[in-house]
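Here the structure comes first, spelled out in structure tokens, and everything after it is commentary.
The values are calculated or read from the model by the stated rules, or taken from the named source; none is laboratory data. Keep in mind it's a predicted model, so treat the numbers as computed, not measured. Counting neighbours? That spans all protein chains shown, and the Cβs are built from the backbone with ideal geometry, glycine included.
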Amino acid sequence: MGTIEIPDGSLFGLDNLPYGVFSAGGARPRVGVRVADSVIDLATALRADVFAAPSLNPFMAEGPARWAAARARITELIVAGELPPGAVHPLREVTLRLPFEVADYVDFYASEHHASNLGRLFRPNAEPLMPNWKHLPVGYHGRAGTVVVSGTCIVRPSGQRKGPDDPAPVFGPSIRLDIEAEVGFVLGVGSPAGTAVPVGAFADRVFGAVLVNDWSARDLQAWEYVPLGPHLGKSFATSVSPWVVPLAALQAARVPLPGQDPEPLPYLRESEDWGLDIDLAVEWNGEVVSRPPYASMYWSPAQMLAHMTVNGAATRTGDLFASGTVSGPGRDQRGAFIELTWGGAEPVTVKGEPRRFLQDGDTVTITATAPGESGGRIGFGEVTGKILPARAEPFGVDS
């Protein structure tokens with residue numbers, strides 16, 4: 001039988017146990033759980049075919065009772081040192097895959113600090129928040145097919161852009177390529193069309209959380225977003241971390257929201273606290289430039305899900321909805337470079353150079369930790385991506 005040594009202070013101890021999909025030794029991808037610097041093959045450890053699938057979706061669809069039972073059994077095997085032979089793989093020897101099949105993708109705009117900063121940048125002579133912002137979680141429907149796992153390189157997008165002094169739009173690579181540091185939530189159990197998911201049913205539906213980088217071409221976005229909102233400036237790529245931290249691991253991280261005024265309409269009122277004390281860090285070419293605090297978010301994920309379904313929209317196993325950029329009140333807490341550099345007017349120093357937006361060859365890594373039930377911290381792993389040059393020709397055809 002196999003044992004796993006968990007060092008003191010590990011971000012991946014028994015109070016975490018995040019799920020992912022991995023492959024090792026040429027075998028087909030399958031579901032695993034990370035413990036310290038090891039990955040447990042759950043198909044082998046739990047002798048269940050559902051974990052031999054190349055995504056988490058079949059397991060997530062089984063619902064909260066099954067999630068709890070699997071977590072309890074995994075913990076028992078680790079504590080007793082009874083993991084079967086062949087069930088444990090060193091993390092360094094496996095390849096991590098996209099952990100779930102993304103059914104749909106919705107991105108929200110739930111940080112008051114981020115929304116206010118962008119309002120001041122985009123509408124300097126108007127109120128920073130639009131009239132609806134404090135009445136509902138604003139969001140847009142993204143493109144599920146361009147969600148990629150951490151480590152996937154990002155090709156610089158091309159599209160139309162028009163500067164304020166340009167007589168007409170031009171086509172070309174984005175010159176204001178940006179990031180958005182976010183937390184995403186993965187639906188385990190869907191809901192049928194014509195029904196709504198109340199805020200109190202959040203934990204019955206949502207399997208866990210991931211880190212998200214919603215890459216953003218700000219120049220494309222600025223020209224296209226009126227009147228229907230983000231499109232090509234967002235749809236080219238969204239990166240997610242390979243580990244899904246289950247909601248059961250986030251119980252100690254739950255905190256009240258910072259305060260909502262005016263009081264939301266009844267369908268958005270929470271009887272439980274689903275604010276989350278998650279600390280993010282954004283690295284630009286290996287240098288930490290921002291530490292966004294998720295606890296400052298105005299809208300909770302339970303409210304986001306309730307609003308997303310209140311019109312009767314169906315949800316499915318594998319749906320991903322993200323928080324939008326996480327930003328705090330301080331400059332060093334801003335989760336997007338457009339905020340951090342104030343639209344490029346106030347560059348930040350990265351490796352001794354003034355920087356505004358992403359250049360080809362840049363790498364961005366987002367990490368996060370949260371309080372664990374044992375009194376320590378749990379980790380989300382990381383979501384990272386490197387920027388590659390735009391394709392030589394439009395429509396994806398190289399010369």
Quiz item: Given the residues Ala252, Ala248, Ala203, which is the only one that is in contact with a Lys or Arg (Cβ under 8 Å, 6 or more places away or on another chain), surrounded by fewer than 19 Cβ atoms within 10 Å (Cβ to Cβ) and either within 15 Å of Gly335 (Cβ to Cβ) or of a type in the set (A, V, I, L, M, F, W, C) (or both)?
Solution: Ala248
Quiz item: Where residues in region 138-152 are in a loop (DSSP other than H, G, I, E, B) and touching a Gly at 6+ places or on another chain (Cβ under 9 Å), which of them is surrounded by the most Cβ atoms within 10 Å (Cβ to Cβ)?
Solution: Ser150
Quiz item: Is it fair to say Gly376 is farther than 17 Å from Val245 by Cβ and more than 20 Å from the chain's Cα centre (by Cα)?
Solution: no
Self-check item: Number of the condition not met by Gly86 [criteria: (1) out of contact with any Lys or Arg (no Cβ under 8 Å at 6 or more places or on another chain); (2) under 30 Å from Ala306 (Cβ atoms); (3) not aromatic (Phe, Trp, Tyr)]
Solution: (2)
Self-check item: Odd one out for Ala126, checked against (1) touching an Asp or Glu at 6+ places or on another chain (Cβ under 9 Å); (2) outside the structural domain of Ser38 (by TED's automatic domain parsing)
Solution: (1)
Quiz item: In region 226-246, how many residues are farther than 15 Å from Glu182 by Cβ and part of a loop (DSSP other than H, G, I, E, B)?
Solution: 8
Quiz item: Among the residues of region 89-106, which ones are under 21 Å from Ala53 (Cα atoms) and either of a type outside the set (A, V, I, L, M, F, W, C) or assigned to a strand (DSSP E or B) (or both)?
Solution: His89, Pro90, Glu93, Thr95, Leu96, Arg97, Pro99, Glu101, Asp104
Practice problem: Quick one: which residue in Ala52, Ala69 is among the small types (Gly, Ala, Ser), within 30 Å of Gln303 (Cα to Cα) and over 22 Å from the mean Cα position of the chain (by Cα)? | Solution: Ala69
Quiz item: So how many residues does region 273-300 have that are buried (at least 24 other Cβ atoms within 10 Å of the Cβ), touching a helix residue (DSSP H, G or I) at 6+ places or on another chain (Cβ under 7 Å) and in a helix (DSSP H, G or I)?
Solution: 0
Exercise. Take region 221-260 and flag every residue that is modelled with pLDDT of 95 or more and of a type in the set (Val, Ile, Thr).
Key: Thr238, Val240, Val244, Val245, Val255
Quiz item: Looking at Thr44, is it crowded, with 17+ Cβ neighbours inside 10 Å, of a type in the set (Ser, Thr, Tyr), over 18 Å from Leu187 (Cβ atoms) and modelled with pLDDT of 95 or more?
Solution: yes
Exercise. Out of Gly151, Gly139, Gly145, report the one residue that is touching a His at 6+ places or on another chain (Cβ under 9 Å), within 26 Å of Val244 (Cβ to Cβ) and not assigned by TED's automatic domain parsing to the domain that holds Pro54.
Key: Gly139
Exercise. Restricting attention to region 170-197, report how many residues are of a type outside the set (Asp, Glu) and assigned to a strand (DSSP E or B).
Key: 12
Quiz prompt | Check on Pro124, free of Cβ contacts under 8 Å to residues at least 60 places away in the same chain and not in a helix (DSSP H, G or I) | solution = yes
Quiz item: Are any of the residues in region 48-60 among the hydrophobic types (A, V, I, L, M, F, W, C), under 14 Å from Val94 (Cα atoms) and crowded, with 20+ Cβ neighbours inside 10 Å?
Solution: no
Quiz item: Of the residues Leu320, Leu388, which is surrounded by fewer than 19 Cβ atoms within 10 Å (Cβ to Cβ) and either among the aromatic types (Phe, Trp, Tyr) or not assigned by TED's automatic domain parsing to the domain that holds Glu62 (or both)?
Solution: Leu388
Exercise. For residues that are of a type outside the set (D, E, K, R) and under 21 Å from the mean Cα position of the chain (by Cα), tally how many sit in region 20-34.
Key: 6
Exercise. For region 156-169, enumerate the residues that are out of contact with any helix residue (DSSP H, G or I) (no Cβ under 9 Å at 6 or more places or on another chain) and either modelled with pLDDT of 95 or more or crowded, with 24+ Cβ neighbours inside 10 Å (or both).
Key: Arg156, Ala168
Quiz prompt | Pair list, Cβ under 7 Å, 6 or more apart: region 230-243 residue under 17 Å from Cys153 (Cβ atoms), other residue surrounded by 20 or more Cβ atoms within 10 Å (Cβ to Cβ) and among the charged types (D, E, K, R) | solution = Thr238/Asp214
Quiz item: If you check every pair at least six apart or on different chains, which have Cβ atoms under 7 Å apart with a residue in region 258-280 that is hydrophobic (A, V, I, L, M, F, W, C) first and a residue that is part of a loop (DSSP other than H, G, I, E, B) and surrounded by 12 or more Cβ atoms within 10 Å (Cβ to Cβ) second?
Solution: Trp274/Ser300; Leu280/Arg291; Leu280/Pro292; Leu280/Val326; Leu280/Gly335
Exercise. Scan region 68-80 and report the pairs whose first residue is modelled with pLDDT of 95 or more and whose second residue is surrounded by 15 or more Cβ atoms within 10 Å (Cβ to Cβ) and assigned to a helix (DSSP H, G or I), with Cβ atoms within less than 8 Å and a gap of 6+ or a chain change.
Key: Ala68/Ala248; Ala70/Leu42; Ala70/Phe59; Arg71/Ala248; Ile74/Leu42; Ile74/Ala45; Leu77/Ala45
